[in-house]
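The values are calculated or read from the model by the stated rules, or taken from the named source; none is laboratory data. Everything numeric here is computed off the predicted structure, so don't read it as measured data. Reconstructed Cβ throughout: ideal geometry from the backbone, glycine too, with neighbour counts over all protein chains shown. Note: accessible area is taken over every heavy atom of the protein model, side chains too, but ligands, DNA and RNA are not part of it. Shrake-Rupley method; radii C 1.70, N 1.55, O 1.52, S 1.80 Å.
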Number of protein chains: 2
Amino acid sequence: MSSKMTTDIEIARAAEKRPIQEIGEKLGITGTDLIPYGHDKAKVSAGFIAGLKGRKQGRLILVTAINPTPAGEGKTTTTVGLGDGLAAIGKKAAICIREASLGPNFGMKGGAAGGGYAQVVPMEEMNLHFTGDFHAITAAHNLLAAMIDNHIHWGNALDIDLRRIVWRRVLDVNDRALRDVVTGLGGVPNGFPRQGGFDITVASEVMACLCLADDLTDLQQRLGDMIVAYRRDKTPVHARDLKADGAMTVLLKDALQPNLVQTLEHTPAFVHGGPFANIAHGCNSVMATKTALSLADYVVTEAGFGADLGAEKFFDIKCRKAGLHPDCVVLVATVRALKMNGGVARADLGGEDVAAVKKGCANLGRHIENLRQFGVPVVVAINHFAGDTEAEVAAVKAYAEARGAEAHLCRHWAEGSKGITKLAERVAHIADGDAAQFAPIYPDEMPLWEKIETVAKRIYHAEEVTADPRILAQLAEWEKQGFGNLPVCMAKTQYSFSTDPKKLGAPSGHMVPVREVRLSAGAGFVVAICGDIMTMPGLPRVPAAETIRLNDAGESRGCSDFSR
Amino acid sequence: MSSKMTTDIEIARAAEKRPIQEIGEKLGITGTDLIPYGHDKAKVSAGFIAGLKGRKQGRLILVTAINPTPAGEGKTTTTVGLGDGLAAIGKKAAICIREASLGPNFGMKGGAAGGGYAQVVPMEEMNLHFTGDFHAITAAHNLLAAMIDNHIHWGNALDIDLRRIVWRRVLDVNDRALRDVVTGLGGVPNGFPRQGGFDITVASEVMACLCLADDLTDLQQRLGDMIVAYRRDKTPVHARDLKADGAMTVLLKDALQPNLVQTLEHTPAFVHGGPFANIAHGCNSVMATKTALSLADYVVTEAGFGADLGAEKFFDIKCRKAGLHPDCVVLVATVRALKMNGGVARADLGGEDVAAVKKGCANLGRHIENLRQFGVPVVVAINHFAGDTEAEVAAVKAYAEARGAEAHLCRHWAEGSKGITKLAERVAHIADGDAAQFAPIYPDEMPLWEKIETVAKRIYHAEEVTADPRILAQLAEWEKQGFGNLPVCMAKTQYSFSTDPKKLGAPSGHMVPVREVRLSAGAGFVVAICGDIMTMPGLPRVPAAETIRLNDAGESRGCSDFSR
């Protein structure tokens, strides 16, 4: 929806925001329990959250999508719109979404706060430093890195193998020059030279730990469990062995508290955490979701990428580990994206093409079928774009309904809550119906390799999953060390069910090669990498940073301008 | 005062803080002009500050000190105490101090918020992320670094000489392994390999620019002026040439707004900015000082290190450039530090030793004499320590008074404002007397080398200043380029008037070797480096980080424990 970006920021700036205290009051958060960051952002105090234990939980609704295409699907926009829609029909609703990464905003990516009349505000602050959570993660991550090299410098009592340090450094910037570096040059006072590198902050395991932690104690446990290096005998060295877990937790104590903001229609919005959706699980924090469920009757949340990656991880990692029970899934599709899945090039999306829509619906159908395997009712949201024709929309509806899933056209982007009332009513009804019988797709006790195969075959519809024998040996080793009960976190392209980003639609019979496995012992999952995964983006030839600057008027509010 | 640290944090935690809105009201900052960060921290909006132009300005009082020793002088403590003392005698007072750097807190350095009953709170937040200013500086600095390498990667239209990139990266962490690195390894997609390195964030020129900027427009101008590299023909490449100045300013728009907190006695305290006191000027922001001067009748501020470095730069860089007119200088000394200047080792500070005190007073005398050269009245504050004897204190008083400077014993550390009433009364009286005839020690038009010589000879009492001919040639080159009117920023050891940290007291006849000169074209000064200056600290053998953790009780307030 890049052509609409100028409008998005204009709408966001024109928004009549209510004081954040008023938004907090809607959920019963008052006084010192709501920690303000400016007049339109706040954190919910950890003490208040601890006191919510035992409260009746609201209904949990996941918004996911078909495989993303350059045409845009509008998953966050629909999450925001549905939250507003539920509020508009008189429900006590809240939304939960991820925080935006700072780095990519100066490259080419737009914001992550929805669009049109379904946005979360303050959009610009959310795309800049927001409440500083990601900076805190950067600081905690790099403190640990410094403590590793410092430990080695002063004698290396833990016998860390310099060649087997797996803890890199992080920065929230797109900087390809930092992907592969040699540190510790310059002689004895600067320590031992070794190979290293930087990832972008959202790729930090600290981010994943923060997003899966139940409270500060759990966070400290997870941080301590993280593996930072191996000894010559290949036994792991944990962050706890370096005594870094306490200081890291102190650095993260504010960041762990969920952030509260509002939609354009003043619906409470928790925006908290933002782990990568490939090497991590791609969902907002457990703290935010659980807090929202304790305070609202309906909580709408989202997961990264399409349903094959995002929803699967939401179910198999986040819900499994946090004990969440989703009541309904909303699967977002657009006519344009379905056309692309039906073989139309982006440049040719202009005219009506019902046949292409029908062909592309195979992608939608596959996701409906997949999502049902988790035991949760599925509703399709057709996110309306200006050029969509009636016949095209009708084709999507007919396709979904033929597969037993109701589909609703939603105009929240253009109309806000009144464009999505029908979907809101149906989702509330379905969620209230207690029809969901949620279960992860594999049990904890299944061996790691079988878990990978299960996801690849049942979700990606692969024929075969391959891996080098050393990868299988590594998985066996981790099982011996007690990590066999962890879920797997699949890292593959988001554009296709297969590992080939060009295979759109609903491919099957393909092969999924597992190239590498990584253990995130603190976050609590085993990452299976099936393709090239970039953990430090670069800037494009003409970075957005070149045009981002203060308004000519030098306004003290709404200074930055992300439109381009 | 390390033995008292436990007490400091206990006092800080037990403090009955007032809501920050109440502190703002004392200065007439209300409603949306005060931007809260939690309940006890706030920023003052840039819009409000812009509206203060033309207001009557308060009296400006600088707190500086004799040369620092491990015995401790208590400059910040005295700044805080004097602010409280002025408030206690009915004056409308505010203090202005620097923000603490995060990195060193996990090494060995204690906080920078005063001590005993003369502290600024919330102490722990100030020693952690505070309001995120330093993180914003880190982000802006590293965005520029990424844009440099990105520019080269995509064709290097500016013809940057890879060997002459002077813009390093920064992180707010003590990490010696990052001092010297090679970046851009890993092949074509990662750019060109080259030597680089990281400094700690407070050493960033962005920090110095932020602290000297008058407003956002001035900040953007300064950022654009910064030199990041040179071409093969040795002409400079500026941040503006990379079009980085706009995005950097957007990243810094919140950080430029001064932070407001309170002392234990609820005196308004601006805590904003914290440039290095060696390669930069070591003072809190001009924005904070000017805002305070527009809102309070008396503003007490401090400068880094001893008066030879801190006060000289405060006068010759900050006051000169910001058009400030200090009314009085308070020179802090302690009996213990004077004894060390008199030749006593730290371990032998226990018993009374009037002779050593008298001998060490030479250091005090030199500073009194130096400060008078700037035309500002000097008052000596003897910061009382428990073991000081009456005879020792009397010796200091007699020495100062014989040189025409009144000296007052201050017990603010133990007693708060009532321990410093006398000093407060005298300082207010002197400041109100309009006796100050402030002038920098050298004029703008003096050639750069002569400026360096002037400071070295008149302040350090050096016999001779030496430099390699290529340094003189570099200075001449900069003068030709139009930088000759800049002030100089001396980087030398803080422990001695000389460049030998072991020469305590009042050495003279020494030689000052200028090893290197650097141009901070955005901040607006030429740095003369006279000795080894470390811009990225390392962690000690047993870093403080190993013992910093949450309280056993897991308290949601006062979690961290910096005492050790």
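Can you pull out the GluC sites (Glu not before Pro) in region B:437-472 that DSSP calls coil and that have at most 14 other Cβ atoms within 10 Å?
Details: sites: B:445, B:450, B:453, B:463, B:464; in loops: B:445, B:463.
When the GluC sites (Glu not before Pro) of region B:437-472 are filtered for loop state and at most 14 Cβ neighbours within 10 Å, B:445, B:463 remain.
Each copy carries a label point for residue A:28 at 7 Å from Cα along the beta-carbon vector; from one copy to the others these points are 4.5 nm apart, nearest first.
Taking every DSSP bridge with both residues inside the protein assembly as shown, close to 40 percent are antiparallel. For region B:401-521, averaging the sequence separation of C-alpha pairs within contact (under 8 Å, six or more residues apart) and dividing by the residue count gives a relative contact order of 23 percent. On C-alpha positions alone, give me the angle between the axis of helix B:216-225 and the longest principal axis of chain B, in degrees, nearest 10. That helix lies at roughly 50 degrees to the long axis. Here's how it looks for residue B:332: its modeled amide H is under 5 Å from those of B:64, B:65, B:66, B:381, which are all 5 or more places away or on a different chain. Taking other residues whose beta carbon is less than 12 angstrom from the beta carbon of residue A:471, and scoring Lys, Arg as +1 and Asp, Glu as -1, yields 0. Summing charges over neighbours of residue A:21, with a neighbour being any other residue whose Cβ is under 14 Å away from its Cβ, gives +1 when K and R count +1 and D and E count -1.
Both numbers refer to the Cα atoms of region A:302-446; Rg and Dmax are 15.9, 51 Å. Distances between copies of residue A:477, taken at a point 7 Å out from Cα along the Cα→Cβ vector and listed shortest first: 5.3 nm.
At full extension, residue A:157 and residue A:477 could sit 112.7 nm farther apart than now, given 0.36 nm per residue minus the alpha carbon distance. Straight-line cross-link partners of residue B:318 among the aspartates and glutamates, defined as a Cα under 16 Å from its Cα and at least 8 positions apart when in the same chain: B:205, B:214, B:215, B:218, B:302, B:308, B:327, B:444.
Net length available on complete extension from residue A:55 to residue A:547 is 172.3 nm, with 0.36 nm assigned per residue and the Cα-Cα distance removed. The angle separating the long axis of helix B:286-295 from the principal Cα axis of greatest extent in chain B is about 40 degrees. Charge dipole of the protein assembly as shown (Cα centre as origin; +1 on each Lys and Arg Cβ, -1 on each Asp and Glu Cβ, all else neutral): 720 debye, rounded to the nearest 20.
Dipole size of region A:368-452 about its Cα centre, with +1 on Lys/Arg Cβ and -1 on Asp/Glu Cβ: approximately 200 debye, rounded to the nearest 20.
Probing with 1.4 Å while keeping every protein chain in the model, the per residue accessible area of chain A equals 33 Å².
If we sort A:300-309, A:434-443 on the protection proxy, mean other Cβ atoms within 10 Å, highest first, what's the order?
Put in order of decreasing packing, that is A:300-309, A:434-443.
Put simply, the convex hull of the Cα atoms in region B:51-168 casts, on average, a shadow of 13.0 nm².
Shielding of peptide B:28-38 by partners, expressed as the average count of other chain Cβ atoms within 10 Å per residue Cβ, is 3. Under a model in which nothing but the beta-carbon of Lys, Arg (+1) and Asp, Glu (-1) is charged, region A:252-328 shows a dipole of about 340 debye around its Cα centre. Pairs over the 29 Å Cα-Cα cut-off, from the set B:41/B:339; B:339/B:451; A:492/B:253; A:243/B:43; B:313/B:397; A:43/B:17: B:41/B:339; B:339/B:451; A:492/B:253; A:243/B:43. Here is the P(r) of region A:371-459: all C-alpha pair distances, binned every 5 Å from 0, give 3, 12, 16, 17, 15, 12, 11, 7, 4, 1 in whole percents. Averaged over the residues of peptide B:129-136, the number of Cβ atoms from other protein chains lying within 10 Å of each residue's Cβ is 5.
Express the relative contact order of chain A as a whole percentage, based on alpha carbon pairs under 8 Å and six or more residues apart in sequence. Value for chain A: 21 percent. Taking every Cα-Cα distance in region B:332-418 and sorting them into 5 Å bins from zero, the calculated P(r) comes out as 3, 15, 26, 25, 17, 11, 3, 0 percent.
Since only A:274, A:537, A:466 are under comparison, the one whose Cα sits farthest along the positive direction of the charge dipole of chain A, derived from C-beta charges on Lys, Arg, Asp and Glu, is A:466. Just need the relative contact order of region A:1-143 here, percent rounded to a whole number, with Cα pairs under 8 Å and 6+ apart. Averaging sequence separation for qualifying contacts and normalising by length gives 25 percent for region A:1-143. Binning the alpha carbon pair distances of region B:417-557 at 5 angstrom intervals from zero yields the distribution 2, 8, 13, 13, 12, 10, 11, 11, 9, 6, 4, 2, 0, expressed in whole percent. Sorted shortest first, the separations between the residue B:386 label point and its copies elsewhere in the assembly read 7.5 nm; each point sits 7 Å from Cα along the Cα-to-Cβ line. A quarter of the convex hull surface defined by the alpha-carbon atoms of region A:202-350 gives 12.9 nm² as the mean projection. Counting only the Cα atoms, region B:127-181 fills a convex hull of 89 Å³ per residue. Once the gyration tensor of the Cα atoms in the protein assembly as shown is diagonalised, the equivalent ellipsoid follows with semi-axes of 55, 30, 28 Å, ordered largest first.
How many partner chain Cβ atoms sit within 10 Å of a residue's Cβ in peptide B:140-152, on average, as a whole number?
6
Note that chain A, at 37 °C in a medium of 0.692 mPa s, gets a Stokes-Einstein diffusion coefficient of 137 µm²/s from its Kirkwood radius over C-alpha pairs. With only the Cα atoms considered, region A:287-334 has a convex hull volume of 84 Å³ per residue. With the convex hull drawn around the C-alpha atoms of region B:176-232, the volume per residue stands at 119 Å³.
Between the helical axis of A:133-153 and the longest alpha-carbon principal axis of chain A there is an angle of about 20 degrees.
The helix-based estimate of mean residue ellipticity at 222 nm for chain A, built from -39,500 (n - 2.57) per DSSP H run of four or more residues and divided by its residue count, is -9000 deg cm²/dmol to the nearest 500. Each peptide in B:166-172, B:217-223 was scored by the mean count of other Cβ atoms within 10 Å over its residues; highest first, the order is B:166-172, B:217-223. For chain A, the share of DSSP beta bridges that are antiparallel, to the nearest 5, is 40%.
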